[in-house]
1. Please return the ranges of strands (runs of 3 or more DSSP E) entirely within region 316-380 where 3 or more residues are in contact with a strand residue (DSSP E or B) (Cβ under 6 Å, 6 or more places away or on another chain), surrounded by 15 or more Cβ atoms within 10 Å (Cβ to Cβ) and small (Gly, Ala, Ser).
2. Would you mind stating whether VAL128 is β-branched (Val, Ile, Thr), surrounded by 16 or more Cβ atoms within 10 Å (Cβ to Cβ) and over 29 Å from ARG10 (Cβ atoms)?
3. Does HIS244 count as touching a Leu at 6+ places or on another chain (Cβ under 8 Å) and either at negative phi or not polar (S, T, N, Q) (or both)?
4. Taking the stated definitions as given, is ILE594 β-branched (Val, Ile, Thr), surrounded by 13 or more Cβ atoms within 10 Å (Cβ to Cβ) and under 42 Å from the mean Cα position of the chain (by Cα)?
5. Are there any helices (runs of 4 or more DSSP H) wholly within region 1-114 with 1 or more residues that are among the small types (Gly, Ala, Ser) and either surrounded by 14 or more Cβ atoms within 10 Å (Cβ to Cβ) or modelled with pLDDT of 90 or more (or both), and if so which?
6. Please go through region 396-416 and give me each residue that is part of a helix (DSSP H, G or I), over 30 Å from the mean Cα position of the chain (by Cα) and without any contact (Cβ under 8 Å) to a residue 40 or more places away in the chain, ordered by number.
7. Can you find even one residue in region 389-407 that is under 30 Å from ASN511 (Cα atoms), open to solvent by 30 Å² or more (accessible area, probe 1.4 Å) and polar (S, T, N, Q)?
8. Scan region 171-193 and tell me whether some residue there is over 30 Å from LEU92 (Cβ atoms) and of a type in the set (D, E, K, R).
Amino acid sequence: MPTVSVGRDRLFQALGRTYTEEEFEDLCFKFGIELDDVTTEKAIIRKEKHLDEEDPSEDEEVIYKIEVPANRLILVPFFSPGLKFRGRYDLLCLEGLAQALRIFNGLDPIPTYNVANISKESMLKMHVRTETSLVRPYVVCAVLRGVTFDEARYNSFIDLQDRLHQNICRRRTLVAIGTHDLDTIKGPFTYEALPPPEINFIPLKQTKNFRADVLMEFYKSDMKLKKFLHIIENSRVFPVIYDHSRTVLSLPPIINGAHSAISLETKNVFIECTATDLTKANIVLNTMVSMFSVYCERKFEVEPVEVIYPDGKSYICPDLSLYQMVVPLSCITNTVGVSLPVHEVAGLLNKMQLHAEPSVSKEKQTIFTISVPPTRSDILHPCDVAEDVAIAYGYNEIPKMKLPSLKPQSLNQFSDLIRTEIAMVGYTEVLTWILCSYKENFTMLNRKDDKATAAINGNPRNADFEVVRTSLMPGILKTVGHNKDHPKPIKIFEVGDVVLLNETKDVGASNRRYLAALYCGSTSGFELIHGLVDRIMEVIGTPFVAPGDKTGYSIQSSDEPEFLPGRQANVIYMGKQIGTFGIVHPQVLDNFDIPDPCSFVELDIESFL
């Protein structure tokens, strides 16, 4: 979940009004994002340097950290292997946030992005050489003309590149962005792949010339860039972009050249994105140009570039055309769960930057023709449209209802009822790992492995996850051991699955639903846990009967190694043993570093069904 840091005052200026912190939190909630933190730039620096906190002074700029939740950023559609990650990348910068919120509040219309109407002969050209297929085969480009930068806009421009690199670009492995001052270079450009010794240039923020292979060694000590070196360092050829004069623009995905570096005085920006995934490259390019074309002399207009591949095929980019999608009104209302009139759905979609044109199909069904702008690469399916309607309508306004077809499994329903009853007795529920160490599952409980009960992991990541638990007891005791300083008594329980080997199953093992409860304290005794067993049986409706009677439950002496001899008993239900309770053996308590006596019960509650 990426977090976008923006200056509060600049954001409010872009939104056209000021908000209290509570009002802005409410706006973010309605839009589906979250105000995660309110801080200052100096406070962030102090935190990074582990310095003591100070009261902020009046001249410090207030920073809002806004979190874009995962459900708005990453979805994985099984039907689209070329788009494993998609999301609201337009929300990763102040410009996109402000624009989205202004449209959501009804202050601005949906912007129309245009590609400048220039002849193909007048376009800048990028020629792609054959060798690039060995390392990064794709490149897309565009030009922003007449851009006006100030310090805040420039910083936002750089920050958006970094956030895209971290998210959709997958740390530059899929896409790498290069931005250049067009007035310092001259087209046509070439995208090549050459042996490292043949590439020489002055990299960004350096003053001397480096050969590419030497530069890779140089950056191994650079904290920021060394994490990207692995992408190409073992390749026989390195990707490189030249201008007409053989000036190096960039060595993607590592570093740009110093010659074409942009600055606050830059007016014309040349953007190139090299990639191993062409779809993502187009999304990244569209995001960059759509967010910052707002600062161009001709607002929302982008100059295209022709990319010419070795096979003679050429492509004009960026493609800022609208994507049309037809969605029935019934699909939207059924998915959201609210019956909405046509005009209201159209208005809600407009708030989310989706222009909706209603019409009637041949089947006399109301449908919407949705125009998806280039900033909304996350809209791929009618479900995405319905999700935006639900956000704009307000999730809290959607009435709760239970689907008639939704019937819980009897085991889960019974487990919930058991949890409620034990909680009302005063026990607190815990949830522990289903994997544990071999030692915890056997040795620390004084048990021996019979080789026929436990499912052993063949290649565990570490010693804590060697075995699938055959009992809830290790997790319960570990919980107490890590909280032994907690006020006594400690009364905890867990309802969860254990896994037992079972040759009759196709996978060789089966899950069983167990209940375990523990009472830890200086007065812990057999009678306390016995009372809990009686209460469980009472609420289930099972009477206590004499041993041998199969109409209810009874107890009989047991000899389990994890319990104290003579202070333990088996629970017999309908003539079958379903569990054991008693006082935990002192050696077992010592193994888990528990200083106080404990009484414990564990039952197989599936037997009740």
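1. Answer list for region 316-380: none.
2. Values: β-branched (Val, Ile, Thr): yes; surrounded by 16 or more Cβ atoms within 10 Å (Cβ to Cβ): yes; over 29 Å from ARG10 (Cβ atoms): yes.
Criteria met by VAL128.
3. no
4. Working: β-branched (Val, Ile, Thr): yes; surrounded by 13 or more Cβ atoms within 10 Å (Cβ to Cβ): yes; under 42 Å from the mean Cα position of the chain (by Cα): yes.
Here the answer is yes, as ILE594 does meet what is asked.
5. Answer list for region 1-114: 8-15, 41-48, 94-104.
6. GLN413
7. yes
8. Yes: one or more hits.
The values are calculated or read from the model by the stated rules, or taken from the named source; none is laboratory data. Not measured: the values here are computed from a predicted model. So basically every Cβ, Gly included, is an ideal-geometry build from the backbone, and we count neighbours across all protein chains shown. Surface areas here come from the heavy atoms of the whole protein model, side chains and all, with no ligands, DNA or RNA. Shrake-Rupley method; radii C 1.70, N 1.55, O 1.52, S 1.80 Å.
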